[in-house]
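Shown next, in structure tokens, is the structure this report addresses.
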Amino acid sequence: MSKLFWTSGHFGWTFFAFVVFTALGFIVIDLLWRLTNMGIRKITLMALTGWVAGIILILLVIPSGH
Amino acid sequence: MVALGIQIVLLLILVIALVSWAISFPYPSLLIRRWLPPKARWPEAQIRGWLADRKFHRSFLGYFYRDPERTPPDGPSIVSPADGLITGASVNQNVLYLVIALSFWDMHVQRSPAAGRVVKVESKGDGFMDGEGREFAFLREKYCPVQQRLVMDTRFGTIAVRLITSIAARRIETWVEEGDAVDRGQRIGRILLGSTVVLELPPLAQLSVRVGDRVRAGETPVACIMGLS
């Protein structure tokens, strides 16, 4: 489990991808909220769905421990 | 070691982005501002806050003071003196009043609606609300309005352009004087912040715009006079 966060002298790539994806997703959602007339509920639902899909994809693409 | 360096740099950039977001909220952060259209880039609530504090973002002022070239259309029409939204068109005491409301994001340089000669430049200060202010909705609706009224002799007859703003902004620049000849679409002045421009036309003028239309200074034909071509 510890390899998920730290491996071979750097942050684990899975953990790193998770942090970067979450932060970038947050900024993109903020931009989308300002550019469209979407309601806060719809945009939150969209953000959560996208985030869950992205995390699943990260876990599938980057095996933990790398 | 290289991998860790890359990771730390990327994480620092993300931390800066998130801190910038938190500091700017609810307004857009510096990082995303450039990709937003003007209304989302500088929201109205933020501009009103600046207006109260008398402090503005330099980027907003740069946008606000823009003065693009405009080419009047061919033909004999009277063109709009300002960018904005038509909010009123009514005849009062034999004068047709066309009211154009300017938002914070509209271009604020006014242009002559027709070629002619300036015969009068009137300044009306705070006190005029006791007089004609009672009569006109476009004045009553403004908080302590101040205005400049430019009267011009044109081939269409006497027309006038009123540049109105509220006491909060209360700065109007007029760039023409009595006796000056003006071309159609020539720059005649500028109102600084939230404002209204009223075009006074002879009652025979036939409007080519309606309430709710958006117009552009020096470019959008707003009226013509029957029999004159």
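Counting just the residues of the stretch B:56-73 that are outside any helix (DSSP H, G or I) and aromatic (Phe, Trp, Tyr), which one comes out surrounded by the most Cβ atoms within 10 Å (Cβ to Cβ)? Per the stated criteria, the residue is B:56. In the set B:103, B:77, which member is away from chain A (no Cβ under 14 Å), touching a Cys at 6+ places or on another chain (Cβ under 7 Å) and open to solvent by less than 50 Å² (accessible area, probe 1.4 Å)? After applying the criteria, what remains is B:77.
Got at least one residue in the stretch B:134-154 being at pLDDT 70 or above, open to solvent by 60 Å² or more (accessible area, probe 1.4 Å) and over 24 Å from residue B:54 (Cβ atoms)? Checked against the condition, which is being at pLDDT 70 or above, open to solvent by 60 Å² or more (accessible area, probe 1.4 Å) and over 24 Å from residue B:54 (Cβ atoms), the stretch B:134-154 yields at least one hit. Restricting attention to the stretch B:23-55, the residues that are of a type in the set (A, V, I, L, M, F, W, C), more than 30 Å from residue A:25 (Cα to Cα) and open to solvent by 40 Å² or more (accessible area, probe 1.4 Å) total 1. Total residues in the stretch B:30-44 satisfying the condition of being touching a helix residue (DSSP H, G or I) at 6+ places or on another chain (Cβ under 7 Å), facing another protein chain (nearest Cβ under 9 Å) and modelled with pLDDT of 90 or more: the figure is 3.
Identify all residues within the stretch A:2-30 that are aliphatic (A, V, I, L, M), touching a residue at least 12 places away in the same chain (Cβ under 8 Å) and either loosely packed, with under 13 Cβ neighbours inside 10 Å or under 17 Å from residue B:4 (Cβ atoms) (or both); write none if there are none. Correct list: A:4, A:17. Within the stretch B:14-28, the residues that satisfy the criterion of being facing another protein chain (nearest Cβ under 9 Å) and either aromatic (Phe, Trp, Tyr) or not in a loop (DSSP other than H, G, I, E, B) (or both) are B:14, B:15, B:17, B:18, B:21, B:25. In the stretch A:37-55, what count of residues is obtained for those that are at pLDDT 90 or above and open to solvent by 50 Å² or more (accessible area, probe 1.4 Å)? So the count comes out to 10.
The values are calculated or read from the model by the stated rules, or taken from the named source; none is laboratory data. As the structure is a computational prediction, the values presented were derived from the model and not from experiment. So basically every Cβ, Gly included, is an ideal-geometry build from the backbone, and we count neighbours across all protein chains shown. Side chains included, ligands, DNA and RNA excluded: accessible areas come from the protein's heavy atoms. Shrake-Rupley method; radii C 1.70, N 1.55, O 1.52, S 1.80 Å.
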